[in-house]
Amino acid sequence: PMRFLTRRGDKLFDGNREFRFISFNIPNLMVIEDAYEFTRPNPWRWPNDYEIEDALESVRQMGGQVARTYVLSVYRDGSDMGECVHVRRPGEFNEEGFRALDKVIEVARRKGIRVIIPFVDQAKWWGGIGEYAAFRGKPADAFWSDPQIKDDFKATVRYLIERKNSFTGVAYRDEPAVFGWETGNE
């Protein structure tokens, strides 16, 4: 059974055993963005069960214990992502995208892998701080100081942490397969 990691001083522990790891970053666990043949535009779609299973099984076979997803995708005007965004608007979330993340966590737990989930990006590729600010008609730098934008972001964090996994019924905050939360990428 997987249990929560604990910290003692500057070390992590899984029970009484020190927990050390080398991690893999797998952006396509969240959204498939790559046209692998490089001859057409990016396809932007949710990963299917096989792709999630295959990626995490590859990590497991290589001795990996942790995988990092990419950030939650955020709607931006002019994006070619279509419906492949986790955050559609402030407080409006795409259930299909979060079900894909539910599957990632379910599979990771089954394979004994922990997942690092970043909340937001600095860049706009998948949508980030600038898109949260744009929802309110403000420049990207307002993300750090505007009370409404900060509340919008906190609503996303709350939604994710309190979410119950649709496959396991376990709230993310109670899920030992979640290694940790990354406050922001880049």
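Below, the figures for the structure above:
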{"quantity": "Packing-based order for 13-19, 47-53, using average beta carbon neighbours within 10 Å, highest first", "calculated": "47-53, 13-19"}
{"quantity": "Surface accessible to a 1.4 Å probe, per residue, for the residues of the chain, Å²", "calculated": "52"}
{"quantity": "Under 23 Å between alpha carbons - lysine pairs in the chain that sit 8 or more apart or on different chains", "calculated": "9"}
{"quantity": "Computed FRET value (nearest 0.05) for A123 with D54, which takes r as the C-beta separation and R₀ as 22 Å", "calculated": "0.20"}
{"quantity": "Sites E18 and S145, calculated FRET efficiency, Cβ-Cβ separation with R0 35 Å, nearest 0.05", "calculated": "0.30"}
{"quantity": "Sulfur and carbon atoms: percent of accessible area, the chain [1.4 Å]", "calculated": "50"}
{"quantity": "Cβ-defined net charge surrounding L56, 14 Å radius [Lys, Arg +1; Asp, Glu -1]", "calculated": "0"}
{"quantity": "Under 5 Å, built H, 5+ apart or other chain: amide partners of F93", "calculated": "R88"}
{"quantity": "Residue-averaged [θ]222 nm for the chain, counting only DSSP H segments that reach four residues, each worth -39500 (n - 2.57)", "calculated": "-9000 deg cm²/dmol"}
{"quantity": "Note, ³J(HN,Hα) from phi for the range 156-162, Karplus 6.51, -1.76, 1.60, rounded to Hz, x at Gly and Pro", "calculated": "5, 4, 4, 4, 5, 5, 8"}
{"quantity": "Residues with amide H under 5 Å from that of I32, placed H, sequence gap 5 or more", "calculated": "R45, W46"}
{"quantity": "Neighbourhood net charge (15 Å Cβ-Cβ; Lys/Arg +1, Asp/Glu -1) for N94", "calculated": "+1"}
{"quantity": "HN-Hα J in Hz across the range 76-91 - Karplus 6.51, -1.76, 1.60, θ = phi - 60°, x for Gly and Pro", "calculated": "9, 4, x, 6, 9, 6, x, 7, 7, 10, 7, 10, 7, 7, x, x"}
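The values are calculated or read from the model by the stated rules, or taken from the named source; none is laboratory data. The shown structure was predicted, so the numbers you read here are calculated from the model rather than taken from an experiment. Counting neighbours? That spans all protein chains shown, and the Cβs are built from the backbone with ideal geometry, glycine included. Heads up: the accessible areas ignore ligands, DNA and RNA and are worked out on the full protein's heavy atoms, side chains in. Shrake-Rupley method; radii C 1.70, N 1.55, O 1.52, S 1.80 Å.
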